[in-house]
Amino acid sequence: MNKPTTYEKILGALLHDIGKFMQRAAKSEDALSSSTIGLESSICPVYKGKYGYRHVLFTSEFCSRHLTNLPEGLSAHTIHSLAAYHHRPADADQEIVQESDWLSSGMERIPEEESPHAKSSFRKTRLRSVMADIGTHYGQGAVWEYDLASSGPHHIFPSQRRDDPHAPPLTTEYAHLWDGFIRDWAGNRVQDIWGFINRCLGILEQYAWCIPSATWGVVADISLYDHMKTSAAIAGCLSEATGQSEPFLFVVSDFGGIQSYIFDIRSGAGGIAKRLRSRSFYVDMANCSVAFRILRGTDMPLTNCLMMSGGKFILILPNTEKTNQELTKAQEALNSWSMSQTGGEVRLNMAALSCGKERLRNYPEILGELNNRLQREKLRPLKSYFCPHETGWDENRFLLSPLINPDREEDPCLVCQKKPALLNIDGDPVCDSCSADSRMGSIVPKSRFAAFYHGDGSSPQNWKMPFGSVLLSDTSANVPGQPFIVLGLDGMTHDPPDIPIAPGYRTRWVPMDEHGAVHEFETIAEQSKGRKALACLKADVDNLGWIFRCGLLSEDADKRSISRLSTLSGAFTHFFSHHMEHLLRTEFSWTYTVYAG
């Protein structure tokens, strides 16, 4: 038998608890085949004289039935063994999945399904909202719970629980959810392994976001999706950094200069709102481009992206020489891009921190030190560009290209005044970047997919990124070539089956007529019920930094785990980038979105 690959261990960890989903959707163990029941003594550990952790039987059943259509290079038998034996590992590779489960959970749990005090509680317990405990003694806030439903703009809000000990099990709701999951799981035909795993992750997010990972002896506020995603990320690191005392490398990034870049548009240039929307969306896609490049270069899928929004991302990567080389190459390429494309105005600062298994449990401390390191990097932006060999400044690199070529008749760009005007748009001299701003600003509202490519691309809908390019498209059928990842801007879609799609919600609504033309501001103003004028609304979340640093910290508990903070981040993303888009489309359709996220 061949040694499992890192990708197989990642998938084994990603699916290790899928049996909890299947078990809760089944009325009894009659849903299991005789061959699966026969594995009881091999994969179920003994608990109080009986075989416990029986959800692993359902994990095994799932793997037997549904590990089909795998790309070349993945073994269904190997993934099955890694996932099903995580409570009774028989070799070092299966132990990696077990340890990833433990580290993700933060502790070993007694099996909630088999507890004599709550024999059916695992089929009755709903996922609690982690937001309800922000600023309160943990577990003492009002109890708000989510419905069992696939992710959608209607389902992101929890409702307050009415405690009813006689309430029936949620088996029917689970079964309906399970049927949708199995249908879409079977539709994944992506042949690239990296893209296949990312699509698997997106399907799990769609259906397992609302399922509690644990239901006995704990506050059930971590979703099955977040737990399995974190477990898979940890498994990937342990597999690649075998033998390392500090196998994990956390990487944080932050785009500097975003505000000045987005808003530095000359008054009177025309199309300002369209250009603002374009530049804001460009920074968002550029941030994705960098994260995808690093993940792809280290062979880690999106499981290892802990947060990505607002021009920032946090990754957990294997602490290996390969990873450190990728980070160095990425930073050097980004510095060159920053100088050539933005004159150093937009910069990406990165910082990294290695840690061992024990420290991984103290995620808040890791975040604090990461932030401190990032702040130090911000004080020396583009350092590796200006000091390429650590031997002193390269003074020639401080010189930008001339704004005007004396050998050609050129004007400075009317919009940015920073590059030569090489194009003429509607009689105005503009540079190629500002021309792209205008063009892409019109395309963004009509787009439903963002496809990322390694090359620059030649389509007018292609946008050059720090790494490769992104193409915006209105339908998945219009995504050409072979993108290595496609973001569904309205969430997951399952057709065509061979596209490596992942959910990437974005708010971009603008009012359009029946022909797809954006309404003029004068037309929008005419819709006012009072004075025929435009109003401007800008909003954000107060104390957002405090919420992530201290919101889940109280005198009696520190619950700022990777999974909970991931859940918290996802809740904000779903509101501002998913629910907001739906709200504008259905209830405030005359709202013109400049930028949101």
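The values are calculated or read from the model by the stated rules, or taken from the named source; none is laboratory data. Given the structure is predicted, the values throughout are model-derived calculations rather than measurements. Virtual Cβ from ideal backbone geometry, glycine too; neighbours counted across all protein chains shown. These area figures cover heavy atoms from the full protein model, side chains too; ligands, DNA and RNA do not enter into them. Shrake-Rupley method; radii C 1.70, N 1.55, O 1.52, S 1.80 Å.
Quick notes
- Ordering L238, L306, L249 by the projection of their Cα atoms onto the charge dipole of segment 212-319, which places +1 on the Cβ of Lys and Arg and -1 on the Cβ of Asp and Glu, puts L306 at the extreme positive end.
- For segment 143-195, dividing the convex hull volume of the Cα atoms by the residue count gives 124 Å³ per residue.
- For the cross-link pairs K20/K446; K322/K418; K378/K419; K446/K538; K329/K446, the ones whose C-alpha atoms lie over 28 Å apart are K20/K446; K322/K418; K329/K446.
- Across the options P153, C200, A330, the greatest Cα extent toward the positive end of the charge dipole of the chain (unit charges at beta carbon of Lys, Arg, Asp, Glu) belongs to P153.
- Nearby aspartates and glutamates by direct alpha-carbon distance to K274 (threshold 14 angstrom, same-chain neighbours under 8 apart not counted): D264, D437, E520
- Cα-based Kirkwood hydrodynamic radius, segment 216-349, one decimal, Å: 16.8
- Dividing the Cα radius of gyration of segment 121-221 by 2.2 N^0.38 Å, with N the residue count, gives 1.23.
- Taking a sphere under 14 Å around the Cβ of G73 and counting the other residues whose Cβ falls inside, with K and R at +1 and D and E at -1, yields a net charge of -2.
- Computed over segment 268-415, the range of Cα coordinates on each principal axis works out to 64, 43, 27 Å, biggest value leading.
- Protein accessible area in segment 275-370, 1.4 Å probe - carbon and sulfur %: 46
- Global dimensions of segment 471-597 from alpha-carbon coordinates: Rg and Dmax equal 19.2, 59 Å.
- Adding -39500 (n - 2.57) for every DSSP H run of four residues or longer, then dividing by how many residues the chain holds, sets the calculated 222 nm ellipticity at -11500 deg cm²/dmol.
- Beta bridge orientation in the chain: antiparallel %, DSSP, nearest 5: 95
- Computed about the Cα centre, the dipole magnitude for segment 11-55 is approximately 180 debye when only Lys and Arg (+1) and Asp and Glu (-1) carry charge, each at its Cβ.
- Shape annotation for segment 271-328: C-alpha extents along the principal axes are 47, 20, 13 Å, from largest to smallest.
- Note on V486: accessible area approximately 0 square angstrom, rounded to 10, probe 1.4 Å, nucleic acids and ligands left out.
- The aspartates and glutamates within cross-link reach of K383, meaning a Cα-to-Cα straight distance under 18 Å and a gap of 8 or more places when in the same chain, are D254, E326, E332, E345, D394, E395.
- Cubic angstrom per residue, convex hull over Cα atoms of segment 346-489: 205
- Distances between every pair of Cα atoms in segment 6-105, grouped in 10 Å steps from 0 to the bin holding the largest one, split as 16, 51, 30, 3, 0 percent.
- Radius, Kirkwood style, for the chain when every pair of distinct Cα atoms is counted (Å): 25.8
- The chain, accessible area per residue, ligands and nucleic acids excluded (1.4 Å, Å²): 45
- Electrostatic bookkeeping for P4 treats Lys and Arg as +1 and Asp and Glu as -1; over the other residues with beta carbon under 10 Å from its beta carbon, the sum is -1.
- Within the chain: Cβ-based charge dipole about Cα centre, in debye rounded to nearest 20 (Lys, Arg +1; Asp, Glu -1): 640
- Taking only the Cα atoms of segment 548-597, the radius of gyration and Dmax are 15.5, 48 Å.
- Per-residue packing, averaged as other Cβ atoms within 10 Å, sorts the ranges 301-314, 555-568 into the order 301-314, 555-568, beginning with the highest.
- Positive-pole candidate from S566, H578, H494, dipole of segment 451-597, charges at beta carbon: S566
- Shown here is the pair-distance distribution of segment 425-512: with all Cα-Cα distances grouped in 5 Å bins from zero up to the longest one, the shares run 3, 14, 24, 23, 18, 10, 5, 2, 1, 0 percent.
- Degrees between helix 171-186 axis and first principal axis of the chain (Cα, 0 to 90, nearest 10): 60
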